[in-house]
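Comments concern the structure below.
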Amino acid sequence: MHIKGMTQPSPNRRQHRRLVADFVDARQRLGHYSFTDAELASSSAQTAVARRAALGRLRRQGRVVRPLPRRRFFVIVPHEHHSLGAPPLSWYLDALMRFLGVADYYLGLLTAAQWHGASHFAVQETQVVVPRQLRPIRVGRERIRFITKAAGATTPVETRTLESGVIRISTPEATAADLVRYPDAAGGLNLVATVLAELGGRLKPDALPAVFAHDPDLAAAQRLGYLLDQVGDVRLTAPLARWLARQRPRVRPLDPQAPVKEAGLNERWRLWVNATVEAGL
């Protein structure tokens with residue numbers, strides 16, 4: 001029925017909306033929670049204007065979200081995640097990073113520690129390590145912070161297969177090294193020590209030196225060894241200590257931001273112990 005004074009959408013417009021909505025529903029049924037405008041365009045003969053109008057309607061309804069301004073990458077929001085504004089990050093992160101041309105990403109630092117079972121701390125963001133600088137983004141309630149690491153491509157990672165795709169996570173040993181390498185991003189040395197205490201049972205002694213084989217950050221190795229000694233069994237760090245001794249590192253401060261005056265020297269790790277570190281467990 002047509003009511004005078006009201007404009008009814010043309011059948012063509014309704015059809016365009018339905019075609020895009022059907023495409024989104026079909027992607028979700030296949031377990032895919034993201035898509036690009038190019039993928040949508042390849043599925044139909046719609047014009048770019050029609051596709052954008054239909055996508056705009058779905059965005060207003062909260063059915064899809066676009067994480068990157070002015071970039072045609074979309075995340076599908078299942079109805080059960082509507083209140084959060086997006087599905088879990090692991091459902092679409094790999095697709096997002098490949099869209100950005102960053103295949104060597106990985107979940108790292110505190111986020112990786114949680115995936116490895118360390119959970120006695122609150123994380124307000126998802127930390128993703130990438131080889132080039134990227135701005136933080138927000139998808140729904142999820143904030144993604146990118147940590148730049150030039151040698152990220154050589155970092156040992158685990159690729160986990162999920163029902164919704166795959167995700168790359170730094171190994172427990174690489175996670176421990178990155179926590180020490182980027183203490184500010186990890187909440188400071190006390191929180192780093194807390195997380196290392198939880199990760200200790202998952203670390204393989206012989207795998208610790210291998211973390212630094214392609215990225216010989218001696219300062220990080222020294223600080224990691226010292227902190228692990230403080231929160232765990234010194235036998236865990238024996239292979240790392242032997243490897244480090246062969247590198248003959250110079251003496252460095254435990255906390256590079258603090259003065260070393262009157263600090264004691266730890267001979268095993270060649271460190272000025274200029275900070276008191278306490279694990280909060």
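The values are calculated or read from the model by the stated rules, or taken from the named source; none is laboratory data. Values in this document were obtained by computation on a predicted structure and should not be read as measured data. Cβ coordinates were reconstructed from backbone atoms using ideal geometry, including for glycine residues, and neighbour counts include every protein chain displayed.
List of remarks:
- Filtered residues of the stretch 212-228 (kept if of a type outside the set (S, T, N, Q) and at pLDDT 95 or above): Leu218, Ala219, Ala220, Ala221, Arg223, Leu224, Gly225, Tyr226, Leu227, Leu228
- Leu254 modelled with pLDDT of 95 or more, under 22 Å from Glu173 (Cβ atoms) and not aromatic (Phe, Trp, Tyr): yes
- Test result for Arg59, among the basic types (Lys, Arg), surrounded by 12 or more Cβ atoms within 10 Å (Cβ to Cβ) and over 30 Å from Leu203 (Cβ atoms): yes
Residues checked against (1) among the small types (Gly, Ala, Ser); (2) out of contact with any Lys or Arg (no Cβ under 8 Å at 6 or more places or on another chain):
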residue	(1), (2)
Asp184	no, yes
Thr194	no, yes
Lys204	no, yes
Asp229	no, no
Gly232	yes, yes
Arg246	no, yes
Arg250	no, no
Pro253	no, yes
Arg270	no, no
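- Qualifying helices (runs of 4 or more DSSP H) (wholly inside the stretch 165-240; at least 1 residues being out of contact with any Pro (no Cβ under 9 Å at 6 or more places or on another chain), crowded, with 17+ Cβ neighbours inside 10 Å and aromatic (Phe, Trp, Tyr)): 218-231
- Number of positions in the stretch 1-33 that are over 30 Å from Val166 (Cα atoms) and either modelled with pLDDT under 55 or outside any helix (DSSP H, G or I) (or both): 11
- Taking the stretch 241-281 as the range and being assigned to a loop (DSSP other than H, G, I, E, B) and of a type in the set (Lys, Arg) as the test, the residues that pass are Arg248, Arg250, Lys261, Arg268, Arg270.
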